Amino acid sequence: MSNSDLPIGVRELANLAGVSPGSASKLLATLASEGVVDRDERGGVHTVRRRALIRRWAQDYSFAKSNRAVSYYIAPRGLDRAAAQLSDRGGIALTGSAAARRILPHGMTSVVPLKLLALYAAEPIALPRELDLIAAEPATANVVIAAPQDKDILPGFNDLSLTTAPVALVLADLLTLPGRSDAEADQLMEALAKNDPAWNE
């Protein structure tokens, strides 16, 4: 949702989110009390503080617990090679650090080196075999693959262009993946704020 979509009423927002107006109203009351959104006299939302919203979401969301079939691996030939192998496969979306690098403006370098390749995949069980990954514990893994909570974020199998998850989800994942990368999330939000003032707070 962009600033041009605001203000927005409770019913319209509930419809967009696929929840009941009652659920949307309860959540909005919580977000308003925490200063994440501002509402008008009719209850509609006229201001959204995107950084605050992402950080509030990350309090209740977890990449490992909110998604399905989460599994951890080591890419024995390195992350660059594993990432390169993704370019000819459909049904995959990058998230976390690898996605943030694609969203950052051209020429901007990430504040930290890539240590974890995080992916959403339509076939999270088959993909590791195709990439020759080795099963690992979360603490030692450098690749994590999950089936997303919302399968609509994935491209079709015939779409072989490597895509990224939605920006808000990438940020939430940066804040909740193993080895949390708050610095990368902050860098990305700073970059987004240069083109969209809604990311300033």
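Residue count for the range 141-152 satisfying the condition of being open to solvent by less than 90 Å² (accessible area, probe 1.4 Å), of a type outside the set (Gly, Ala, Ser) and either under 10 Å from Ala69 (Cβ atoms) or touching a residue at least 24 places away in the same chain (Cβ under 8 Å) (or both): 5.
Residues in the range 4-51 that are of a type in the set (Ser, Thr, Tyr) and closer than 18 Å to Asn200 by Cβ were compared, and the one that is modelled with the highest pLDDT is Thr47.
Taking the range 175-201 as the range and being modelled with pLDDT of 95 or more and in contact with a strand residue (DSSP E or B) (Cβ under 8 Å, 6 or more places away or on another chain) as the test, no residue passes.
Being modelled with pLDDT under 95 and at positive phi holds for only one residue in Asp132, Asp150, and it is Asp132.
Of all residues in the range 165-185, one or more are within 17 Å of Leu86 (Cβ to Cβ), among the aliphatic types (A, V, I, L, M) and assigned to a loop (DSSP other than H, G, I, E, B). Do we have His106 as outside any helix (DSSP H, G or I) and free of Cβ contacts under 8 Å to residues at least 24 places away in the same chain here? Yes: the conditions hold for His106.
The values are calculated or read from the model by the stated rules, or taken from the named source; none is laboratory data. Not measured: the values here are computed from a predicted model. Virtual Cβ from ideal backbone geometry, glycine too; neighbours counted across all protein chains shown. Side chains included, ligands, DNA and RNA excluded: accessible areas come from the protein's heavy atoms. Shrake-Rupley method; radii C 1.70, N 1.55, O 1.52, S 1.80 Å.
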